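Colleague: First the structure, which I've put down as structure tokens, then a few questions once you've had a look.
The values are calculated or read from the model by the stated rules, or taken from the named source; none is laboratory data. All of these numbers come straight from a predicted model, not from anything done at the bench. Using ideal geometry, Cβ is built from the backbone for each residue, glycine included, and neighbour counts are taken over all protein chains shown. Note: accessible area is taken over every heavy atom of the protein model, side chains too, but ligands, DNA and RNA are not part of it. Shrake-Rupley method; radii C 1.70, N 1.55, O 1.52, S 1.80 Å.
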Amino acid sequence: MRAYEVIHRKRDGRPVPPEAIAELVRDYTEGRVPEYQMAAFCMAVFFRGLSDPEMRSFVTAMLHSGDVLDLSDVPGPKVDKHSTGGVGDKVSLALAPLAAACGVKVPMVSGRGLGHTGGTLDKLEAIPGFQVNLPVERFREILASTGACLIGQTDRIAPADRKLYALRDLTATVESVPLIAASIMSKKLAEGIDALVLDVKVGSGAFMKRTEDARRLAEALASIGRGMGKRVSALLTDMDQPLGRAVGGALEVREAVDLLRDEGPRDLRELTVELTAEMLVLGGVAPDRPEARRRVVAAIGDGRGFLKLCEITEAQGGDPDALADPSLLPSAESTRDVPSRERGLVQAIDAEAIGLAAMALGAGRSRIEDRVDPAAGLVVEKKVGDAVEVGEPLATLHLGRAPLESPDAVEARVRGAYQIGSAPVPPERLILERIEGGPP
């Protein structure tokens, strides 16, 4: 079936034969279908969606557009975690070593930050010497020897997704749930995993602002995983304020290390323990969630998680001394407090505005080719529900070498992100829902 016919059928809401979907993806990847036709197909999917058979064919074609890793020779369950992105989300930095310390192999292929959300790769590169661009063979070696390896997407993993992602970004079709789900799962399934835990963020700092949209995405992801014979669990988690307090590369590394040293913010610890425990259950190394949580907490308390992070860091060319002594991490030459002009209780924080403020300091990128300053960012001093007096700092800015905006402008952004009032603030729920999928 010609590309024109596939587009025509999808535009009109008629079913497309699964083999025609697969042929379209293959021809696009190999350059036989032009960008404008694939853009038209993406727009048709944006409005019409994909049926279950179409989705399975679409994901399978994207998955097999490149290498699918065979990790069967690496003993132990292979489980990964994927987050849809948020502000201050440094969970992977602590989760991967904790899961590895508890007996799960973690083959993690991560991404870079774009816009107001940070990327795991950028944070890892704040550790001096840490290499995220590794050949597949070295990835496999480190995974087998340390239990975890964290790298970026290679040219050999889901090249169709790499090409399609750039096109979606230019054609206003990023927000399509079927296209998002296919993008995520084609990359994750190519890792050779047995199971996957998904952290689907919802709220002001998330890609999905509404719970119903996040639920649709989580259900789509779990359905794809089930169709591919994988165990999948998805948690809908709150992103109406930054996770933890640190936003920005080296600052977030420090906070992840604090967690592994049995310190750090309560919300970051709670979510990291829950997601890691989910990995242990799906991997079959813990019989249930309470026991899995107990094991993860024990790996924090006895220092095994921190030692594992040091081991992974050294294996990937990084300096583990920078984890033991955070003064060896990049640091800003100067800081600046953002004092409150009101007295009361923090009613709400616009997490996206905080993320954009950190980006304006140099901690993020607006274009994929932009460089990230690992020392730049901010620390949120007051969270939702906290009492604040006039003059107390709401946040501390860590000024980058080449900020996109002046400190005064960033300070205004941060202050505008806060709502302060007198009404009592009920405790917020961090984990909103759990959606599960398993093998057929």
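Colleague: Any chance segment 386-396 includes a residue that's of a type outside the set (D, E, K, R) and open to solvent by 70 Å² or more (accessible area, probe 1.4 Å)? Reasoning before the result, please.
Modeller: Of the residues in segment 386-396, the ones of a type outside the set (D, E, K, R) are 387-388, 390-391, 393-396.
After this cut, where a residue has to be open to solvent by 70 Å² or more (accessible area, probe 1.4 Å) as well, the list is 390.
For segment 386-396, residues of a type outside the set (D, E, K, R) and open to solvent by 70 Å² or more (accessible area, probe 1.4 Å): present.
Colleague: Please note which helices (runs of 4 or more DSSP H) are completely contained in segment 20-109 and include at least 1 residues that are under 18 Å from TYR4 (Cβ atoms). Show your work before the answer.
Modeller: Working: elements: 35-48, 52-63, 91-101.
Result: 35-48, 52-63.
Colleague: Need pairs with beta-carbon distance below 8 Å; first residue without any contact (Cβ under 8 Å) to a residue 60 or more places away in the chain and within segment 316-333, second open to solvent by 50 Å² or more (accessible area, probe 1.4 Å); sequence gap 6+ or separate chains.
Modeller: PRO320/GLU311; PRO320/GLU314; ASP321/LEU328
Colleague: Name the residue that is nearest to the chain's Cα centre (by Cα), counting only residues in segment 223-235 that are surrounded by 23 or more Cβ atoms within 10 Å (Cβ to Cβ) and over 16 Å from GLY283 (Cα atoms).
Modeller: Looking at residues that are surrounded by 23 or more Cβ atoms within 10 Å (Cβ to Cβ) and over 16 Å from GLY283 (Cα atoms), I get LEU235.
Colleague: Among the listed residues GLY86, GLY49, GLY103, GLY13, which satisfies the condition of being touching a Lys or Arg at 6+ places or on another chain (Cβ under 8 Å) and at positive phi?
Modeller: Details: GLY86 fails: at positive phi; GLY49 fails: touching a Lys or Arg at 6+ places or on another chain (Cβ under 8 Å); GLY103 fails: touching a Lys or Arg at 6+ places or on another chain (Cβ under 8 Å).
Of the residues listed, the single one that is touching a Lys or Arg at 6+ places or on another chain (Cβ under 8 Å) and at positive phi is GLY13.
Colleague: Okay, next question. Is it the case that THR313 is among the hydroxyl-bearing types (Ser, Thr, Tyr), in contact (Cβ under 8 Å) with a residue 24 or more places away in the chain and over 30 Å from ALA353 (Cβ atoms)? Even if it seems obvious, please write down each step before you answer.
Modeller: Working: among the hydroxyl-bearing types (Ser, Thr, Tyr): yes; in contact (Cβ under 8 Å) with a residue 24 or more places away in the chain: yes; over 30 Å from ALA353 (Cβ atoms): yes.
The answer is yes for THR313.
Colleague: Then there's this: How many residues are open to solvent by 50 Å² or more (accessible area, probe 1.4 Å) and of a type outside the set (Gly, Ala, Ser) if we restrict to segment 154-187? So that I can check it myself, show each step before the final result.
Modeller: Looking only at segment 154-187, we keep the residues that are open to solvent by 50 Å² or more (accessible area, probe 1.4 Å), and these are 155-156, 162-163, 165-166, 169-170, 172, 175.
Remaining after also requiring of a type outside the set (Gly, Ala, Ser): 155-156, 162-163, 165, 169-170, 175.
Residues meeting the conditions: 8.
Colleague: So which residues in segment 296-310 are in contact (Cβ under 8 Å) with a residue 40 or more places away in the chain and open to solvent by less than 60 Å² (accessible area, probe 1.4 Å)? Walk me through how you get there before you give the answer.
Modeller: Step one: filter segment 296-310 for residues in contact (Cβ under 8 Å) with a residue 40 or more places away in the chain, giving 296, 299-300, 303-309.
Across segment 296-310, the qualifying residues are VAL296, ALA299, ILE300, GLY303, GLY305, PHE306, LYS308, LEU309.
Colleague: Here is a follow-up. So if I check each of GLU125, GLU141, which one is surrounded by fewer than 20 Cβ atoms within 10 Å (Cβ to Cβ) and either closer than 23 Å to ASP267 by Cβ or charged (D, E, K, R) (or both)?
Modeller: Values: GLU125 fails: surrounded by fewer than 20 Cβ atoms within 10 Å (Cβ to Cβ).
After applying the criteria, what remains is GLU141.
Colleague: Look through PRO330, PRO426 and report the one residue that is out of contact with any helix residue (DSSP H, G or I) (no Cβ under 9 Å at 6 or more places or on another chain), part of a loop (DSSP other than H, G, I, E, B) and closer than 23 Å to PRO265 by Cβ. Reasoning before the result, please.
Modeller: Values: PRO330 fails: out of contact with any helix residue (DSSP H, G or I) (no Cβ under 9 Å at 6 or more places or on another chain).
Answer to the check: PRO426.
Colleague: Any chance segment 412-429 includes a residue that's closer than 30 Å to ILE224 by Cα and open to solvent by less than 40 Å² (accessible area, probe 1.4 Å)? Explain how you work it out, then say what you get.
Modeller: Within segment 412-429, the first condition is being closer than 30 Å to ILE224 by Cα, and the residues that meet it are 429.
Applying the additional criterion that residues be open to solvent by less than 40 Å² (accessible area, probe 1.4 Å) yields none.
No.
Colleague: Residues being hydroxyl-bearing (Ser, Thr, Tyr) and buried (at least 21 other Cβ atoms within 10 Å of the Cβ): count how many of those fall in segment 1-56.
Modeller: Residues of segment 1-56 that are hydroxyl-bearing (Ser, Thr, Tyr), as a first pass: 4, 28-29, 36, 51.
Now restrict to residues that are buried (at least 21 other Cβ atoms within 10 Å of the Cβ): 28-29.
Number satisfying all stated conditions: 2.
Colleague: Could I ask something else about it? Working only within segment 387-411, note down all residues that are without any contact (Cβ under 8 Å) to a residue 60 or more places away in the chain, of a type in the set (A, V, I, L, M, F, W, C) and outside any loop (DSSP other than H, G, I, E, B).
Modeller: Those that are without any contact (Cβ under 8 Å) to a residue 60 or more places away in the chain, of a type in the set (A, V, I, L, M, F, W, C) and outside any loop (DSSP other than H, G, I, E, B): ALA387, VAL388, LEU394, ALA395, ALA409, VAL410.
Colleague: Find the residue count for segment 128-172, including only residues that are within 19 Å of SER65 (Cβ to Cβ), at pLDDT 85 or above and of a type in the set (S, T, N, Q).
Modeller: Qualifying residue count, segment 128-172: 0.
Colleague: Next question, about the same structure. Check ARG254, ARG293, ARG289, ARG269 and return the single one that is in contact with a Leu (Cβ under 8 Å, 6 or more places away or on another chain), without any contact (Cβ under 8 Å) to a residue 40 or more places away in the chain and surrounded by fewer than 24 Cβ atoms within 10 Å (Cβ to Cβ). Walk me through how you get there before you give the answer.
Modeller: Details: ARG254 fails: without any contact (Cβ under 8 Å) to a residue 40 or more places away in the chain; ARG293 fails: in contact with a Leu (Cβ under 8 Å, 6 or more places away or on another chain); ARG289 fails: in contact with a Leu (Cβ under 8 Å, 6 or more places away or on another chain).
None of the other options fit; the residue is ARG269.
Colleague: Answer yes if at least one residue in segment 192-209 is open to solvent by 10 Å² or more (accessible area, probe 1.4 Å), small (Gly, Ala, Ser) and at negative phi, and no otherwise.
Modeller: yes
Colleague: Let me ask something else. Give me the pairs, please: first residue somewhere in segment 30-58 and touching a residue at least 60 places away in the same chain (Cβ under 8 Å) and over 24 Å from GLY225 (Cα atoms), second residue anywhere and open to solvent by less than 40 Å² (accessible area, probe 1.4 Å) and not hydrophobic (A, V, I, L, M, F, W, C), beta-carbon distance under 7 Å, and either six or more positions apart or on two chains.
Modeller: MET38/TYR28; ALA39/THR171; MET43/THR171; MET43/THR173
Colleague: Working carefully through the options VAL346, VAL338, VAL379, VAL384, find the one that is in contact with a Leu (Cβ under 9 Å, 6 or more places away or on another chain), among the hydrophobic types (A, V, I, L, M, F, W, C) and in a loop (DSSP other than H, G, I, E, B).
Modeller: Working: VAL346 fails: in a loop (DSSP other than H, G, I, E, B); VAL338 fails: in a loop (DSSP other than H, G, I, E, B); VAL379 fails: in a loop (DSSP other than H, G, I, E, B).
Of VAL346, VAL338, VAL379, VAL384, the one residue that is in contact with a Leu (Cβ under 9 Å, 6 or more places away or on another chain), among the hydrophobic types (A, V, I, L, M, F, W, C) and in a loop (DSSP other than H, G, I, E, B) is VAL384.
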